[in-house]
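*Asks:* Mind looking over this structure? Questions follow.
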Amino acid sequence: MSNIPENPADRLLFELSKPGRRCVTFPKLDVPEVDIADALKGAKLRTEPARLPEIGELDLVRHFKNLAKKNFSVDKNFYPLGSCTMKYNPKINVTLLAQQGYTKAHPYLPEHDIQGHLELMYNLEHYLREVSGLDEVTLQPAAGAHGELTGVMCIKAYFEDRGEGAQRTEFLIPSAAHGTNPATAAMAGFKAVTLKEAANGNIDIEELKKKVGPQTAGMMITNPSTLGILEPKMREIAEILHGVGAQLYMDGANMNAISGIVQPGDYGIDVMHFNLHKTFSVPHGGGGPGAGPIAVRKHLAPYLPKPRIKKNADGTFSFDHDRPKSVGKVRSFFGNFGALVMAYTYMTQLGREGVRRMSQNAVLGANYIRVKLRDFYNVHHDRTNAHEVVFTDAKQDKENGVHTLDIAKRLIDYGIHPMTIYFPLPQNTGGHGAMMVEPTETESKESIDYFIECMKKIAQECKDNPELVKSAPHTTPVSKVDEKTASTNPQLYCPMCLG
Amino acid sequence: MPFIQHTDEDRAEMLKAIGAKSIDDLYVDIPADIRVKENGDKVKLNPSMGELEVTRHINALLAKTKNAGNYAFFRGAGIYNHHVSTLADHLALYEGDFITAYTPYQPECSQGTLTSVFEFQSCITALTGFEVSNAGMYDGASALAEAVLMGYRLTADKFRKETRETVVLAGAIHPEYAATVKTYCETTGLKLVTVGAGKDGRVDAGALKAALTREAAVVAIQSPNFLGVIEDVESLVKQAHEAETTIVQVIAEAVSLSVLQTPADAGIDICVGEGQSIGNHMFMGGPAFGFFASRKDFVRKMPGRIVSETTDRDGRRAFALALATREQHIRREKATSNICTNQALCALRALIQLAAWGKGGFTELGRQVVAKTQFARKALAAVKGVELAHPDAPVFNEFVIKAKPGLDAALIKQGIMGGLPLETVGMGQPGEYLVAVTEMTTKEDIDKYAKALGA
Ligand SMILES: Cc1ncc(COP(=O)(O)O)c(C=O)c1O
């Protein structure tokens, strides 16, 4: 632990603490005081109070305001973090959510007290059914990876129900897939079998045909893929899988490219998840909460988590717990309901035309960036792309010894949040580091042009002054952070919090 | 169109640069026969709405609801009606630089989030006594499921020559948590054994002993448990460790950590819980967050993100994501979990709330909850026809009463949301109600409830 910084703005809460300072006070107790040891006889008590900081309200506010200032955010910065869809989060979503009708809604209220919440969830399911072109939806999963797990669990339950559980042991996963895909397959007890992509980034149909068989439970395909490309042979892939009795799961993290343009159900997929925190603008919150609903075709619907929401003949709504084939529950209650409210607010504002314009403008921006930067950086697949485009550092590495990490950090100096650089892995991008850029539809052309100009400038800097790029960032509250030591010699808590 | 800034002129310029005639050209890889037609009605959605219309629409939905604020409120069972500091809304929900940032993969421009996660971890350490806390899980239920999987890995790694694949869920565990554990276990192929609660509301020690066969890998307990009863954690730890299993404790009411022995002191191996009580609104049960804490030796087996202190190139203190070789983006199918997005903003809210309470406030909160719970317990037990289900057991904030079945509707008419009828969640008989108290519960509320029960 370093010494306590001189400037209070740089201190941790624990370092701002002084015995006797207080922020929140409680109303005077309106019932008799009790002796805790006596009242809780038979239970063991803490030996000392938890060592939380003691702090006044102004210092507390200032602390968090100063921390906030050290973040880049969509509100403040262009944030082209590929695969994450960092679009604008309308303020109205938060304002409407912060009402008492939501903040004080308890999950175990009787159904007649929460009709409006059930109706909202019912409508949201409808929205996702329409966008997916599939038959039924659950809103329970808390994030994309959780949706993946739920979907794969449904597939597993489906095969067990058909007596094929022991036979179907493998899940096929393209090598460029997001890490959650193989991790999900493994968590659900499947062997993750990797599929190499074809040279143009598409699924290699011959490779697929070789690896698919009676042991295959399914395949997880991200469309558009994590290389930013729409898979042209989706229907053929679905047919190949269905031909051996397997299921096709679509990772819908990239639905910002195709919502309202094609219903993935028409591709023949069986199940997909949405990342409402990407496509439908639930604020990312520094890493969550999100929501990862899944949509399924009819034959998988009996296995969806319970309870389901149903509309009764008299127009009221209720929970349906009577789902004997359901996989059960994947978390408590009804999912990240508050996140669902924000997504719903966003979606109803978009409506039919808006959701289509969203995708179209997202794809337009990403293609524009590709053509504008293709002479400066290697485009991994220089073909029409979807809502994001993947560049590599092939040129800069070879000519100037500069890598994606350096370029990413240099962008920070220009006030732009780096693109995604930790994935896809170099093995999927010709051995070179990847830079996945996703502008989203909400950025103005001016912001996009500024990004393009900055990237060009950095390409020039790589030639003229590679050290400047390699030592970036130069303008941030901290310089390049030693991430290695964070892992080799982790310090995971402030020593002041533990006796 | 809402939220899109490009003008027709912008679009034309961009298309020209790309060399495409129309945006439709950019979708060449979607077969034409399944492409949705412009102005078609294949995708059946409402027309676009502006701020005013959507506000009206949402408020019309809200008009069809009631909430805790409309009642003298005694419902808990995992989601508690605590006071949430306005600071948590101002500094998290409305703070654009927190709410519109994402996972802090680039530490130089994410020190705000990273520092707050480090402070959050430190607070969970202060609460649980464990040296390691992660940055949070989805909720208490999925945190328990992941803790069970981790506990299984710990035991399996230690006894590689044996087949130890049984999970023992002991005592009154929240039904939503137990159901979630069951789902995860079924999928991974782990066997599940449940051990009930005895008459005193605590884990049936004899039944637990019988369940602790050599196949058992993990024991999971909840304390305070679903019926409100505080378990004899130390003796359960002893039993679990004698059987060479890993023991996990889940906590649904995190405020109980203000007064009860820390799980680390009790000898627990992994402690998880639901964090809603701390700074998070009820929101029908989510989003809040799950916390996840354990011993230093086990850190490489833990799921989820973890932040560590480190330095920058100039030797200044800085924070960064650490130990990522456990995680899906590096380790793929060998990762400790598939979790990626977590509930960061909710964990931040908890940090703000804990700091707002502070050391003294948190303790006082615990004392108020205990005092009010004791008062309510006595007041309700004094009503004719009402008795306590576990009169001799220690409780923190919740307890079960036995009264007439089917009282709920009549109470609601009088503005009282009484204890949860336990038969509705499959955890008791008709006439048993789980009553929850927080610092928000007033003496007046309790008197009103007691009076109505007596009528
Ligand atoms: C392609 C893809 N799939 C899955 C995920 C996982 O989603 P989440 O982070 O919401 O769990 C992500 C994003 O993180 C992603 O980009």
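The values are calculated or read from the model by the stated rules, or taken from the named source; none is laboratory data. The shown structure was predicted, so the numbers you read here are calculated from the model rather than taken from an experiment. Cβ coordinates were reconstructed from backbone atoms using ideal geometry, including for glycine residues, and neighbour counts include every protein chain displayed. Note: accessible area is taken over every heavy atom of the protein model, side chains too, but ligands, DNA and RNA are not part of it. Shrake-Rupley method; radii C 1.70, N 1.55, O 1.52, S 1.80 Å.
*Asks:* Within the range B:121-131, is even one residue free of Cβ contacts under 8 Å to residues at least 12 places away in the same chain and part of a helix (DSSP H, G or I)? Walk me through it before giving the result.
*Replies:* Restricting attention to the range B:121-131, the residues satisfying the condition of being free of Cβ contacts under 8 Å to residues at least 12 places away in the same chain are B:122, B:126.
Add one more test, that the residue is part of a helix (DSSP H, G or I), and what stays is B:122, B:126.
Scanning the range B:121-131, I find at least one residue that is free of Cβ contacts under 8 Å to residues at least 12 places away in the same chain and part of a helix (DSSP H, G or I), so the answer is yes.
*Asks:* Give the residues of the range A:371-418 that are open to solvent by 50 Å² or more (accessible area, probe 1.4 Å) and either assigned to a loop (DSSP other than H, G, I, E, B) or at positive phi (or both), sorted by residue number.
*Replies:* First pass over the range A:371-418, keeping only residues open to solvent by 50 Å² or more (accessible area, probe 1.4 Å): A:372, A:374-376, A:378, A:382-383, A:395, A:397-399, A:403, A:405.
Within the range A:371-418, A:Arg374, A:Asp375, A:Phe376, A:Asp382, A:Arg383, A:His403 meet the criteria.
*Asks:* Given the options B:Asn342, B:Asn338, name the one that is free of Cβ contacts under 8 Å to residues at least 12 places away in the same chain, open to solvent by less than 10 Å² (accessible area, probe 1.4 Å) and assigned to a loop (DSSP other than H, G, I, E, B).
*Replies:* Working: B:Asn342 fails: free of Cβ contacts under 8 Å to residues at least 12 places away in the same chain.
Within the list B:Asn342, B:Asn338, the selection yields B:Asn338.
*Asks:* State whether the residues of the range A:71-92 include one that is facing chain B (nearest Cβ under 8 Å), within 16 Å of the ligand (Cβ to nearest atom), outside any loop (DSSP other than H, G, I, E, B) and open to solvent by less than 20 Å² (accessible area, probe 1.4 Å).
*Replies:* yes
*Asks:* State whether one or more residues within the range B:271-294 are in a helix (DSSP H, G or I), within 16 Å of the ligand (Cβ to nearest atom) and open to solvent by less than 10 Å² (accessible area, probe 1.4 Å).
*Replies:* We begin by selecting, within the range B:271-294, every residue in a helix (DSSP H, G or I); these are B:283-285.
Next cut, within 16 Å of the ligand (Cβ to nearest atom) only: none.
No, because not a single residue in the range B:271-294 is in a helix (DSSP H, G or I), within 16 Å of the ligand (Cβ to nearest atom) and open to solvent by less than 10 Å² (accessible area, probe 1.4 Å).
*Asks:* Here is a follow-up. Select from the range B:71-94 the residues that are touching an Asp or Glu at 6+ places or on another chain (Cβ under 8 Å) and more than 7 Å from chain A (Cβ to nearest Cβ) and write down the one among them that is surrounded by the fewest Cβ atoms within 10 Å (Cβ to Cβ).
*Replies:* Across the range B:71-94, the extreme among qualifying residues is B:His83.
*Asks:* How many of the residues making up the range A:140-166 are open to solvent by less than 20 Å² (accessible area, probe 1.4 Å) and either without any contact (Cβ under 8 Å) to a residue 60 or more places away in the chain or of a type in the set (S, T, N, Q) (or both)?
*Replies:* Here the count works out to 3.
*Asks:* Next question. Please go through the range B:140-172 and give me each residue that is assigned to a loop (DSSP other than H, G, I, E, B), open to solvent by less than 10 Å² (accessible area, probe 1.4 Å) and in contact with a helix residue (DSSP H, G or I) (Cβ under 8 Å, 6 or more places away or on another chain), ordered by number. If you could, list the steps in order and put the result at the bottom.
*Replies:* At the first step, the residues of the range B:140-172 found to be assigned to a loop (DSSP other than H, G, I, E, B) are B:159-165, B:171-172.
Then keep just the ones that are open to solvent by less than 10 Å² (accessible area, probe 1.4 Å); that gives B:164, B:172.
Selection gives B:Arg164 alone.
*Asks:* Which of the residues belonging to the range B:439-455 are under 15 Å from B:Gln374 (Cα atoms) and of a type outside the set (Asp, Glu)?
*Replies:* Across the range B:439-455, the qualifying residues are B:Met440, B:Thr441, B:Thr442, B:Lys443, B:Ile446, B:Tyr449, B:Ala450.
*Asks:* Taking A:Leu498 and the conditions (1) under 27 Å from the mean Cα position of the chain (by Cα); (2) within 13 Å of chain B (Cβ to nearest Cβ); (3) among the aliphatic types (A, V, I, L, M), which numbered condition does it fall short on, given that it satisfies the others?
*Replies:* (1)
Yes or no, residue by residue, for (1) over 18 Å from the mean Cα position of the chain (by Cα); (2) of a type outside the set (Asp, Glu); (3) over 30 Å from A:Lys191 (Cα atoms):
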position	(1), (2), (3)
B:Val259	yes, yes, yes
B:Asn280	no, yes, yes
B:Thr310	yes, yes, yes
B:Thr336	yes, yes, no
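*Asks:* A:Met220 - would you say it is away from the ligand (no atom under 14 Å from the Cβ) and within 28 Å of B:Gln343 (Cα to Cα)? Don't jump to the end; show me each part of the working.
*Replies:* Numbers: away from the ligand (no atom under 14 Å from the Cβ): no; within 28 Å of B:Gln343 (Cα to Cα): yes.
In short, no.
*Asks:* Condition first: open to solvent by 30 Å² or more (accessible area, probe 1.4 Å) and either under 15 Å from A:Met342 (Cα atoms) or touching a residue at least 24 places away in the same chain (Cβ under 8 Å) (or both). Now tell me which residues in the range A:113-129 satisfy that.
*Replies:* Pass one, the range A:113-129, residues open to solvent by 30 Å² or more (accessible area, probe 1.4 Å): A:115, A:119, A:122-123, A:126, A:129.
Correct list: A:Gln115, A:Glu119, A:Tyr122, A:Asn123, A:Arg129.
*Asks:* Then there is this: Just give me the residues in the range A:245-270 being more than 23 Å from A:Val212 (Cβ to Cβ) and more than 14 Å from the ligand (Cβ to nearest atom), in sequence order.
*Replies:* Within the range A:245-270, the first condition is being more than 23 Å from A:Val212 (Cβ to Cβ), and the residues that meet it are A:253-263.
Result: A:Ser259, A:Gly260, A:Ile261, A:Val262, A:Gln263.
*Asks:* Can you go through B:Arg377, B:Arg332 and tell me which one is assigned to a helix (DSSP H, G or I), open to solvent by 10 Å² or more (accessible area, probe 1.4 Å) and within 30 Å of A:Arg331 (Cα to Cα)? Full working, then the answer.
*Replies:* On the way: B:Arg377 fails: within 30 Å of A:Arg331 (Cα to Cα).
Just a single option satisfies the conditions, and that option is B:Arg332.
*Asks:* Here is a check on your reading of the model: is A:Met250 out of contact with any Phe, Trp or Tyr (no Cβ under 6 Å at 6 or more places or on another chain), within 11 Å of another protein chain (Cβ to nearest Cβ), within 22 Å of A:Ala291 (Cα to Cα) and surrounded by 17 or more Cβ atoms within 10 Å (Cβ to Cβ)? Talk me through it step by step, then tell me what you get.
*Replies:* Details: out of contact with any Phe, Trp or Tyr (no Cβ under 6 Å at 6 or more places or on another chain): yes; within 11 Å of another protein chain (Cβ to nearest Cβ): no; within 22 Å of A:Ala291 (Cα to Cα): yes; surrounded by 17 or more Cβ atoms within 10 Å (Cβ to Cβ): yes.
The answer is no for A:Met250.
*Asks:* Could you please let me know if A:Gly287 is at positive phi, within 11 Å of the ligand (Cβ to nearest atom) and within 17 Å of the chain's Cα centre (by Cα)?
*Replies:* Numbers: at positive phi: yes; within 11 Å of the ligand (Cβ to nearest atom): yes; within 17 Å of the chain's Cα centre (by Cα): yes.
In short, yes.
*Asks:* Please find, within the range A:176-211, the residue that is surrounded by the most Cβ atoms within 10 Å (Cβ to Cβ) out of those that are hydrophobic (A, V, I, L, M, F, W, C), farther than 21 Å from A:Val296 by Cβ and more than 16 Å from the ligand (Cβ to nearest atom).
*Replies:* Among those residues, the one meeting the criterion is A:Leu208.
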